[in-house]
Each structure stands twice: as C-alpha cells, then as structure tokens.
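Since the structure comes first, as structure tokens, the remarks are kept for the end.
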C-alpha cells in the first residue's frame, strides 16, 4: 500500500512505500562462500557473500570471531554477489543478488533512504535530511550531521567524494554532513539511488529511466527506460555490472540501453520494503584475501591460547 504523502518534494520513496531501491555491481572475483559475523547478543550469523568479492562484512571484535570468519571464507559454498540493503522499517541486511536469499544484520531504528560504502569500507546512510555512519555488525547508526536539504540517493566515488541527489546533484561533507550544490539534473528527479559503472555516474529516476549524470555540472542525460517501476537503488560491486532493486526484485541494468533484467527476487515474505542498496566494493574498498584472513585469524587464536597457557611469573 502506498503511504500518504505530498509529491511536491519530488522524492518518490516517500510515496511508494512498497518500492525497493538499490543498484550495485560486484568487483574483482575471488573465492566464494559465506561470511560468519558476530551480531546481537554474541550469536554467530552466517551471511552469503559475493562470489567475486570475499567480502569482509564485519569488523570482528575478537580473535576467535576473526578466525571463524577466515576459515568460513576459505572453504564455504559458492554464493552470488552480496548486496547490502536498508529497509523501510529501519532494517539493515544483505541479499544474494542471484538467489534472493537474505539475512538481517540489525536495525537502525528508523528508515535509511539510501546507503553507500566509502573507499575505506565504512557504511554511510541518509534519512532524507541527515547523514549517518552505519555499523554493519548490528545496524546501529551514529549521526554525522544535517544535510541542509532533502536527499534520497547516495554513492561514493573512488576518490572518496560522496554524492547525493534529488532534482539536483550534491556532494556531502562526510565530516559535517553538509550538502553542497553541484548542479541541476535537467528535469530528472532521483527515484532513490546513484551508482558508478564504467567510470560514469548513473541515477534511477522517478519516471523509471536510467540517467547518466555529469559529476562536474550535475546535468542528466536519459539512457533509456529500465522497464521496472520504483527502482529505488543502484549499485555496482565492480564498476561494471549494474544492479538495481525494484520492489523485492533484484535486477541488472544495461548501461548502454537502460533496460533492466530480472536477476532474483527476495525469498519468502520480508515484511518490509527495500529503500537503499550498496556493495562493499562499490567505491573500491579493498577485500582481504581468504588465505591471509585464515592465517591471521589462526595466528591470533594461537597467540591467545599461548598466553593462557603461559605460567604466571
């Protein structure tokens, strides 16, 4: 059911609560499997990760956790690209972009209209008017500051510049949250996300078009109709394949024609709408190699065991 709202703001996410947003595309392909991470109450949670991106989904808090994750990365079953998402009820989770299998990591306590990973692997989110840092272990947020305007889309460039949009393109100061005007999009309005692919910035628009955006002037150029409605997110894990979200459908989008193709649908009945998506590697964040993770994790555990075995002086 669509939520009652005023369309004058031009931000479609307010009006179509059932819409799901997110485009992203995976990066360099490495060994695949599942990442195990400590979540709320110390439980070990298995999360599928990108077949090409052995994605280090969480910053492990203790040596045992790191070792468990490293071993899981080294030998678990193959999975598809893992797409982080933010839900209409504050949910923060990850979905396999090829199977639709999804897991919740936590809850922000309010809806994040979009999320984006920085080149250093930090997750940020916006709630129309404010910028937050997001903890990928439990979904909790830390306020950075007020945007000074209403925005519904977010993406980092490889140089660390944070972009956002409504009917214009903005950059955001990650230290203060303040948004700076770049330029008008030329009549296009953001449906809910931005993404880089092939070195170009793209946006999903409220008229269901894929739009190419000039990062210097903000000018938008229509690429073509996506063929799916309410595309609230864009993201690319490898700066090549462009993924999107429409409702609970994960799609891939042709950046030459704009045409979208179904990749997967969320399994089961999530009970929420997806409003934003991001890949860990979308801005070039480095992913540790499985072998290195395993050795490091085992080394930490061994060191801890030796300390426990060492007799008191």
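Points worth noting:
Matching residues to (1) part of a loop (DSSP other than H, G, I, E, B); (2) modelled with pLDDT of 95 or more; (3) touching a strand residue (DSSP E or B) at 6+ places or on another chain (Cβ under 9 Å); (4) surrounded by fewer than 20 Cβ atoms within 10 Å (Cβ to Cβ):
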| position | (1), (2), (3), (4) |
| --- | --- |
| 115 | no, yes, yes, no |
| 149 | yes, yes, yes, yes |
| 154 | no, yes, yes, no |
| 188 | yes, yes, yes, no |
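- A search for C-beta distances below 7 Å between a residue of the stretch 87-100 that is at positive phi and any residue that is crowded, with 19+ Cβ neighbours inside 10 Å, counting only pairs 6+ apart in sequence or on different chains, returns 90/108; 90/111; 100/250; 100/264; 100/266.
- Residue within the stretch 171-180 that is under 26 Å from residue 83 (Cα atoms), in contact with a helix residue (DSSP H, G or I) (Cβ under 9 Å, 6 or more places away or on another chain) and buried (at least 23 other Cβ atoms within 10 Å of the Cβ) present: no
- From 105, 143, residue being at pLDDT 95 or above and under 16 Å from residue 277 (Cα atoms): 105
- Within the stretch 236-272, the residues that satisfy the criterion of being buried (at least 24 other Cβ atoms within 10 Å of the Cβ) and either within 21 Å of residue 89 (Cα to Cα) or at pLDDT below 95 (or both) are 237, 244, 245, 246, 250.
- Test for residue 183: is it more than 22 Å from residue 94 (Cβ to Cβ) and part of a strand (DSSP E or B): yes
The values are calculated or read from the model by the stated rules, or taken from the named source; none is laboratory data. Model, not experiment: these values are computed from the prediction. In this analysis, Cβ positions are derived from the backbone assuming ideal geometry, glycine residues included, and neighbour counts consider all displayed protein chains.
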